[in-house]
Amino acid sequence: AADLGAAEPPTLAEPKSIGRLITLLPAQGGSGASTTALHVAEAIARNPTEKVLLIDYDFHSGTTAFRLGLQPQGALDDLLKRGSADDSSLKRAVTAWGNLDVLVPAAERGAEPLHFSRLDDVVRVAMEGYSTVVVDHPDALYSASRAVLSRASFVGIICTPDISALYLVRRKRRAIAALLGREPNRLGLIVNRA
């Protein structure tokens, strides 16, 4: 007979480990941020102990799927249409490319609206499932960018060495700080084509 008087002590769920988030964005379009993000993600993915996700967060002119020759079955859009992101929905939206997983926006946008307020859930779930998440951020900063930038352990602004690009780096840094209400944790400058 079971001892109904003795209750099992509650078990505490193991906290999920959180991976690091690296966000790379251009000072201006054409600076090479997408190429840099791809190379950084691919280099990290060469380490067999790393599980890496590259997120192309540019809904207007993201080219990651095209550059890699991917025919993705799912897209970032799918996660922003559903009620909430979870591990299984993320797995359905991701496309493998060698050792690297890739999450891209849809090539064709449907009529269903995207709920960018859900981006924070997507980023959180990705960081719980991957040791490193690299975000290829577009040139423009949106209110939804806060979800990506506030969780980033490193934010890299990519620029070319011309004077106007360097001027735009200062403006981008101030815009990021204004969006977050503080300076990001670690902000770096990467000069491309030096």
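The values are calculated or read from the model by the stated rules, or taken from the named source; none is laboratory data. What you are looking at is a predicted structure, and each value in this text was computed from that prediction instead of being measured. As a convention, Cβ positions derive from the backbone with ideal geometry for all residues, glycine included, and neighbour counts pool all protein chains shown. Ligands, DNA and RNA are excluded from the accessible area calculation, which covers all protein heavy atoms including side chains. Shrake-Rupley method; radii C 1.70, N 1.55, O 1.52, S 1.80 Å.
Some notes on this structure:
Residues are listed down the side, and each one gets a yes or a no for (1) of a type outside the set (Gly, Ala, Ser); (2) in contact with an Asp or Glu (Cβ under 8 Å, 6 or more places away or on another chain):
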| site | (1), (2) |
| --- | --- |
| ALA85 | no, yes |
| ARG92 | yes, yes |
| LEU103 | yes, yes |
| ALA106 | no, yes |
| ALA140 | no, no |
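- SER34 vs. criteria under 24 Å from PRO184 (Cα atoms), out of contact with any Pro (no Cβ under 7 Å at 6 or more places or on another chain), free of Cβ contacts under 8 Å to residues at least 40 places away in the same chain and not aliphatic (A, V, I, L, M): no
- Residue in segment 136-146 that is charged (D, E, K, R), within 21 Å of GLY74 (Cβ to Cβ), open to solvent by less than 10 Å² (accessible area, probe 1.4 Å) and touching a residue at least 40 places away in the same chain (Cβ under 8 Å) present: yes
- Which numbered condition GLY69 misses (of (1) of a type in the set (Gly, Ala, Ser); (2) open to solvent by 30 Å² or more (accessible area, probe 1.4 Å); (3) within 11 Å of the chain's Cα centre (by Cα)): (3)
Each row is one residue, and each column tells you yes or no for (1) touching a strand residue (DSSP E or B) at 6+ places or on another chain (Cβ under 9 Å); (2) part of a loop (DSSP other than H, G, I, E, B); (3) within 23 Å of LYS51 (Cα to Cα).
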position: LEU114; (1), (2), (3): no, yes, no
position: LEU119; (1), (2), (3): no, no, yes
position: ARG124; (1), (2), (3): no, no, yes
position: ARG171; (1), (2), (3): no, no, no
position: ALA175; (1), (2), (3): no, no, no
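- Condition met for ASP162 (at negative phi and open to solvent by less than 60 Å² (accessible area, probe 1.4 Å)): no
- Considering only residues in segment 111-124 that are under 11 Å from the mean Cα position of the chain (by Cα) and open to solvent by less than 60 Å² (accessible area, probe 1.4 Å), the one that is farthest from ALA75 (Cα to Cα) turns out to be ASP120.
- Scanning segment 52-66 for residues that are among the charged types (D, E, K, R) and either open to solvent by less than 20 Å² (accessible area, probe 1.4 Å) or at positive phi (or both) yields a count of 1.
- Which numbered condition THR35 misses (of (1) assigned to a loop (DSSP other than H, G, I, E, B); (2) of a type outside the set (A, V, I, L, M); (3) under 25 Å from PRO161 (Cα atoms)): (1)
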